[in-house]
Amino acid sequence: MCSWLGTDDRRRKDPEVFQTVSEGLKKLYKTKLLPLEEHYKFHEFHSPALEDADFDNKPMVLLVGQYSTGKTTFIRYLLEQDFPGMRIGPEPTTDSFIAVMQGDVEGIIPGNALVVDPKKPFRKLNAFGNAFLNRFVCAQLPNPVLESISVIDTPGILSGEKQRISRGYDFAAVLEWFAERVDRIILLFDAHKLDISDEFSEVIKALKNHEDKMRVVLNKADQIETQQLMRVYGALMWSLGKIVNTPEVIRVYIGSFWSHQLLIPDNRKLFEAEEQDLFRDIQSLPRNAALRKLNDLIKRARLAKVHAYIISSLKKEMPSMFGKDNKKKELVNNLGEIYARIEREHQISPGDFPNLRKMQDQLQAQDFSKFQPLKSKLLETVEDMLANDIAQLMVLVRQEESQRPTQMVKGGAFEGTLHGPFGHGYGEGAGEGIDDAQWVVARDKPMYDEIFYTLSPVDGKITGANAKKEMVRSKLPNTVLGKIWKLADIDKDGMLDDEEFALANHLIKVKLEGHELPNELPSHLLPPSKRKKAE
């Protein structure tokens with residue numbers, strides 16, 4: 001009893017203290033999770049051991065899609081620069097995995113050299129053999145975008161007869177390895193080729209458990225008319241719904257991600273809005289990288305716990321002397337029942353268990369006599385990590401985020417529309433008239449004045465009650481009208497003069513046209529008579 005209390009007291013007095021999230025993740029993994037993984041052969045069944053580079057590397061974006069969907073062109077569009085080893089064409093041109101990363105000089109590092117570099121997070125890829133390593137390179141070049149993220153280009157997924165040609169390595173397994181370590185997975189589809197081949201379907205299923213990282217890009221959407229685009233979008237969502245078994249719909253971005261003119265410019269505004277949404281998603285990756293690594297470690301720990309329960313259960317059921325082979329076959333065939341028993345005994349969610357069929361296939365080649373029995377101390381250590389240490393790291397994550405709030409991807413296409421008249425929404429909505437010499441509201445002010453003088457102004461102003469009678473005719477909700485009132489009542493006297501009333505009606509018009517209201521009134525919307533006071 002005293003010993004137990006002493007241990008608990010020591011835990012409270014001496015909690016794990018980390019200077020950075022990356023340091024904390026590395027230490028927790030090596031001291032608390034790795035021993036459990038090694039004891040129950042986790043690395044032979046699921047994923048190789050993590051290394052320091054896995055915790056230190058920049059956020060990575062994985063591009064996946066059938067051939068000629070524009071994966072390589074998408075990277076070229078983001079970087080606004082060619083990269084070593086780049087080949088673009090309508091046929092399957094990219095036949096290798098290309099890690100596009102920051103480097104002082106342009107060059108290519110071949111796969112066999114890449115997997116022995118301790119500073120790169122690719123060392124464990126040597127398990128896939130020479131057939132893969134001969135098709136894996138790192139393209140290095142100096143580029144401002146690559147200072148914040150790295151991009152993984154993949155071979156075009158084959159369709160039709162082409163998919164019967166063996167690649168010489170397990171393509172889906174390689175993608176699954178990358179999926180565990182990247183921050184974002186972008187599936188690209190061509191608006192003209194929505195068919196999902198057997199290999200593509202297998203790949204998407206291999207990315208299961210990483211749906212939170214997945215985004216979909218419907219590329220080359222400028223090549224079809226609006227009506228066709230609606231049908232293509234619907235067909236894509238239907239096809240994805242059959243393969244990705246999640247209640248939530250994956251976010252789909254529609255656009256044309258290359259630097260050529262739009263063939264059919266009807267949906268230009270839609271493409272611009274979608275592009276900005278996608279760019280914001282990618283730009284947020286450096287800021288959220290620590291949280292993503294923490295989340296991936298938690299997922300890995302939960303899987304390692306379940307794996308330990310499975311292996312120890314199989315060990316417990318094995319006879320000590322005779323009939324081992326027959327018992328092994330029986331246990332493999334009844335693995336689903338073992339899953340159900342573990343689920344009941346340890347209150348584990350069914351979603352935490354590995355794929356049943358895949359686990360059965362892997363167990364066929366294992367010697368059950370070498371499995372280890374349940375070691376409670378290892379599991380308790382991981383439980384303690386999840387319950388206490390992870391909570392402390394979460395606090396540290398928030399601290400790091402608050403210290404680096406502006407950390408985001410810069411350069412390349414991300415800054416092409418950041419400033420000047422080609423920024424998204426420039427000169428539209430509340431930004432209309434930003435470059436005009438005259439007050440933009442003055443165009444419609446005579447019409448607003450007619451209404452103003454019917455509302456019984458006193459000393460040139462109308463009361464809030466009278467203004468409300470007119471403003472509610474817009475049928476906008478009170479929350480929106482309240483925001484418009486705050487923006488329009490510049491002198492904050494609870495009344496509106498003719499210029500403020502005109503401004504309120506202009507903002508109502510902006511909202512009714514589908515634009516967002518500004519949080520603060522832009523200087524160009526300030527009424528002329530109020531500008532001197534503001535200055």
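Annotations for the structure displayed:
- Taken as a whole, the structure places GLY427 among residues that are open to solvent by less than 80 Å² (accessible area, probe 1.4 Å), closer than 30 Å to TYR77 by Cβ, in contact with an Asp or Glu (Cβ under 9 Å, 6 or more places away or on another chain) and not polar (S, T, N, Q).
- Scanning the range 231-242 for any residue that is without any contact (Cβ under 8 Å) to a residue 60 or more places away in the chain, of a type in the set (Phe, Trp, Tyr) and assigned by the TED database to the domain that holds ARG167 turns up at least one such residue.
- Total residues in the range 94-146, condition more than 21 Å from LYS58 (Cβ to Cβ) and touching a Ser or Thr at 6+ places or on another chain (Cβ under 7 Å): 2
- Candidates are the residues of the range 279-288 that are among the hydrophobic types (A, V, I, L, M, F, W, C) and within 10 Å of the chain's Cα centre (by Cα); the one that is surrounded by the most Cβ atoms within 10 Å (Cβ to Cβ) is ILE282.
- Of the residues making up the range 121-134, those that are open to solvent by less than 80 Å² (accessible area, probe 1.4 Å) and in a loop (DSSP other than H, G, I, E, B) are PRO121, PHE122.
- Checking each residue in the range 455-502 for being in a loop (DSSP other than H, G, I, E, B) and open to solvent by 60 Å² or more (accessible area, probe 1.4 Å) picks out SER456, ASP459, LYS475, PRO477, ASP491, LYS492, ASP493.
- Scanning the range 225-254 for residues that are assigned to a helix (DSSP H, G or I) and at pLDDT 85 or above yields THR226, GLN227, GLN228, LEU229, MET230, ARG231, VAL232, TYR233, GLY234, ALA235, LEU236, MET237.
- With respect to being of a type in the set (Asp, Glu), in a loop (DSSP other than H, G, I, E, B) and more than 23 Å from VAL216 (Cβ to Cβ), ASP82 fits the description.
- The range 31-48 residues that are part of a helix (DSSP H, G or I), paired with ones that are β-branched (Val, Ile, Thr) and at pLDDT 90 or above (beta carbon under 7 Å, 6 or more apart): LYS32/THR381; LYS32/VAL382; LEU33/VAL382; LEU36/VAL382
- Among the residues making up the range 203-224, those that are basic (Lys, Arg), modelled with pLDDT of 85 or more and not in a strand (DSSP E or B) are LYS213, LYS220.
- Count - residues of the range 178-189 that are open to solvent by less than 10 Å² (accessible area, probe 1.4 Å) and assigned to a strand (DSSP E or B): 5
- Hits in the range 362-411 - residues which are part of a loop (DSSP other than H, G, I, E, B), open to solvent by less than 40 Å² (accessible area, probe 1.4 Å) and closer than 18 Å to PHE42 by Cβ: GLN366, PHE371
- Condition broken by ILE157, with the remaining ones in (1) at pLDDT below 90; (2) open to solvent by 20 Å² or more (accessible area, probe 1.4 Å); (3) among the β-branched types (Val, Ile, Thr) satisfied: (2)
- If you go through the range 308-361 and keep only what is over 23 Å from LYS375 (Cβ atoms) and open to solvent by 100 Å² or more (accessible area, probe 1.4 Å), you end up with MET321, PHE322, ASP325, ASN326, LYS329, ASN333, GLU337, ARG357, ASP361.
- Candidate set from the range 488-535 (those that are in contact with a Ser or Thr (Cβ under 9 Å, 6 or more places away or on another chain) and acidic (Asp, Glu)); member that is nearest to PRO457 (Cα to Cα): ASP497
- Candidates in the range 433-454 are the residues that are within 12 Å of GLU499 (Cβ to Cβ) and of a type in the set (A, V, I, L, M, F, W, C); of these, the one that is surrounded by the most Cβ atoms within 10 Å (Cβ to Cβ) is PHE452.
- Single match in PRO144, PRO118 (criterion: open to solvent by 20 Å² or more (accessible area, probe 1.4 Å), over 19 Å from THR72 (Cβ atoms) and in contact with a Lys or Arg (Cβ under 6 Å, 6 or more places away or on another chain)): PRO144
The values are calculated or read from the model by the stated rules, or taken from the named source; none is laboratory data. Keep in mind the model is a prediction, meaning the values are calculated, not measured. Ideal geometry is used to build each Cβ from the backbone, glycine not excepted, and the neighbour counts take in all protein chains shown. Note: accessible area is taken over every heavy atom of the protein model, side chains too, but ligands, DNA and RNA are not part of it. Shrake-Rupley method; radii C 1.70, N 1.55, O 1.52, S 1.80 Å.
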